[in-house]
Structures are given as structure tokens and as C-alpha cells.
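Everything on this sheet refers to the single structure shown next.
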Amino acid sequence: MSEAGLVEGPDGITRCAWHGNLPDYLRYHDQEWGRPVADDIRLFEKICLEGFQSGLSWLTILRKRENFRSAFAGFDFDEVAEFTDADVERLLQDAGIIRHRGKIVSTINNARRAQELTAEAGSLAAWFWRFEPGPAERPTKLDWATLKAMPTTAVSVRISKELKKRGWTFVGPTTVYAFMQAMGMVNDHVEGCFCRAEVEKQRAKFKRPGR
């Protein structure tokens with residue numbers, strides 16, 4: 001990785017370096033990460049998987065994502081909210097996912113909290129997107145050193161507190177910031193990555209839910 005946090009891919013295109021040119025990780029970087037999402041099921045999936053990632057590498061989670069989707073009803077939170085203790089025990093035997101009781105129980109709890117949040121705000125998307133930071137709350141230039149120094153932000157702390165107040169778990173400020181990056185609430189592709197300009201164009205056209 002260069003000091004600028006960039007790497008040239010096998011196709012000769014310059015990107016953020018964190019994917020290490022691993023094909024599945026590179027595809028996630030190019031096609032998903034940072035691109036704005038308004039679908040409630042995908043948002044619930046993203047925040048749950050960020051919770052599972054805590055203490056692990058994102059690549060581990062990414063490579064198990066289809067298993068997670070199968071185990072958790074495609075992350076349809078209305079279905080997951082109906083899971084019982086028997087489902088917890090079933091999931092603890094599922095070698096295709098991360099068999100961490102606390103994180104499994106948290107996902108079921110958060111599904112129920114997601115139902116409540118949807119009833120309150122109309123949709124998860126409408127609730128989360130209202131926290132989108134304005135230009136004054138973002139770095140004027142996002143280089144690798146700036147990004148590394150920013151594992152949390154004032155906004156991720158605020159969202160974390162609001163979620164915890166509503167009973168969500170495994171939603172600390174670092175996890176929430178990773179979720180903000182993944183769902184495209186912020187564009188953290190560093191300067192020089194070809195995705196940065198693409199994502200900015202998408203964000204400019206994106207209709208914010210609830211507005």
C-alpha cells in the first residue's frame with residue numbers, strides 16, 4: 001500500500017488499497033462500498049454484519065455473507081424478529097456464520113428494534129439518512145491519513161447513542177461509522193481512487209428518503 005492508501009489494480013485502475021486486490025474484496029469496493037442505499041432490508045443487513053464484524057476482519061464477514069443471508073431470512077427484520085431461543089441454538093450450530101451467541105441474540109433483538117424504528121420514522125432509511133453529515137462536518141480533502149485518524153465521528157457517536165437509547169445492541173460508534181461508510185451516508189473512497197468521483201455523482205442524484 002502506498003502512503004496515499006492507493007493501489008493499482010490488475011486492470012491498471014487506481015483504487016483505495018484496503019481490498020488488497022483480492023477479487024471478491026475488490027468487487028465489493030468497486031460496486032458496493034460507499035454507494036448510497038435506501039432499501040430497509042439491505043440497511044438492516046449492513047448494520048447487523050458490521051456488528052458481527054466487530055473484532056474480526058470485514059473480509060471474513062464478506063465471504064460468509066450468503067451464509068448469513070440464508071441463516072437470517074435474508075435479513076428481513078420482520079421475519080428475524082420472530083426468531084425464538086430454538087433459532088438461537090440452531091444458529092449456534094451453523095458453521096457457515098460467526099457462531100457468537102451475543103451477536104446472534106443481538107441480531108434478533110435489533111430486528112425487533114428495527115420494527116419499532118420503522119413504526120416511528122416510516123422506514124429505517126428515513127431515520128438513518130436524516131443524520132447525514134453536511135459539508136462542514138466532513139474533511140475538505142479525504143486522504144489516507146485523514147481516514148485512518150477517523151474511526152468514529154461526532155455523527156456516528158450521535159447515531160450510536162440514539163440507537164442504544166432505543167435498545168439496539170452491538171452498535172458502538174466505530175461499528176456505526178463503518179455502517180455509515182458501507183451504506184453511502186459518507187463517501188470515504190480516498191482522493192485518487194476512481195470510485196470517489198463515481199460515488200459523488202451517485203450521491204448527487206440520490207433522493208434522500210423522507211425528504
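Couple of notes before you dig in:
- Spatial offset of the stretch 66-137 relative to the stretch 164-211 amounts to 18 Å, using the alpha carbon center of each.
- Cut-off 19 Å (backbone N to label point 7 Å along Cα→Cβ of Ala204), residues of the stretch 150-184: 184
- The fewest-to-most ranking of Arg35, Arg101 by surrounding Cβ atoms within 10 Å reads Arg101, Arg35.
- Net charge of Cβ neighbours under 14 Å - reference Arg138; Lys, Arg +1; Asp, Glu -1: -3
- Sequence of Ile13, Ile47, Ile104, Ile61 once ranked by neighbouring C-beta atoms within 10 Å, starting from the fewest: Ile13, Ile61, Ile104, Ile47
- Sparse-neighbourhood loop sites, GluC sites (Glu not before Pro) in the stretch 14-116 - DSSP loop, at most 16 other Cβ within 10 angstrom: Glu32, Glu82
- Ascending count of other beta-carbon atoms within 10 Å, so fewest first, for Trp58, Trp168: Trp58, Trp168
Since every read-out is calculated from the coordinates, none of them should be taken as a lab result. All values reported here derive from a predicted model rather than from experimental measurement. FYI the Cβ positions are ideal-geometry reconstructions off the backbone, even for glycines, and counts take in every protein chain you see.
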